[in-house]
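Student: Before I ask anything, let me first share the structure, which is written out below as structure tokens.
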Amino acid sequence: MDWKTGFCHPIFKSPRWATINLIRNKMKNSIKVLISIVTISMYGMSVKAQNAKTGIYLTEQDYRSNKLTYVLGDHDKLQLNEFLGGENVNLVYQGKKVKLSKNEIFGYRLNNQDFRFYHNEAYKILDTAGFLLYSAEKLSEQGKGYKPVEQYFYSTNTTRPVLELTIENLWNSFPAQIGFRYSLQNYFNKDTDLAGYDKLSHQYKIKYLYFQETQAKATHAAL
């Protein structure tokens, strides 16, 4: 302390001052997380129909049959309520308000891109050949704050759980596809490599390996 002025020297801060700084830092981080969540959610808060088709898949069979309900017109709106895991989807359809529970519908199509709900979260359907591949934006700590990062997921079919796309998860999900499981270990060094896309053949590399195993089994069975 400076005995002439009565103020603490910055090097010798009191415990109370340190506590205040700690609270301030926590508040700053919380605000950053909240801003990031809002940034992700704003995209799906309220969507007006554009030229591409937008609507709801009420059931898994509707998705398989490409059957949309509540196809949005020019004056209709779709509110996805993605903020903090909202449980419902709200529509203004032909002048009437409609509320649908995410747990009771399969998913939706937004501007010709299909999504499915799982535990109230929307997953973009990227590829359905062999098994389903998804992506979704999740908050990830980046430096001093949080930013939305595209992460990848999969499910063995539309009735099975959506899991993180990792080598370990895939290994456990396909016990009968021995060649595919060994290919995962041979071709991918880390989990983030699994979402690699081959622009020349227009397919995900993981799907190529999956069908290589399927073709090998078919050839062996024909011998």
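Student: Could you give me D for the range 114-223, from Stokes-Einstein at 4 °C and 1.567 mPa s, where the hydrodynamic radius is the Kirkwood radius over C-alpha pairs? Units µm² s⁻¹, please.
Tutor: In µm²/s, the coefficient rounds to 86.
Student: Which order results if S173, S101 are arranged by neighbouring Cβ count within 10 Å, fewest first?
Tutor: So the residues, fewest neighbours to most, are S101, S173.
Student: Sticking with this structure for a sec: After finding the eigenvalues of the alpha carbon gyration tensor for the range 46-113, what semi-axes result from the square roots of 5 times each, listed largest first in whole Å?
Tutor: Calculated on Cα positions only, the semi-axes equal 16, 16, 11 Å.
Student: Gain in length, K77 to W171, computed as 0.36 nm per residue apart minus the alpha-carbon separation, to one decimal in nm?
Tutor: Gain on stretching K77 to W171: 29.7 nm.
Student: Here's another thing I want to ask about it. Subtracting the Cα-Cα distance from 0.36 nm times the residue separation, let me have the gained length for Q94 to S201 in nm, one decimal.
Tutor: 34.2 nm
Student: If you take the charge dipole of the range 46-113 about its Cα centre, with +1 on Lys and Arg Cβ and -1 on Asp and Glu Cβ, which of T59, F106, H75 is farthest toward its positive end?
Tutor: H75
Student: What number, in nm² with one decimal, is the all-direction average of the projected area of the convex hull of the alpha-carbon atoms of the range 44-189?
Tutor: Its average projected convex-hull area is 10.6 nm².
Values quoted throughout were computed directly from the atomic coordinates according to the rules given, and no laboratory measurement underlies them. Nothing here was measured: the structure is a model prediction, and the numbers come from that model. All Cβ positions, even for glycine, are placed from backbone atoms using ideal geometry, and neighbour counts span all protein chains on display.
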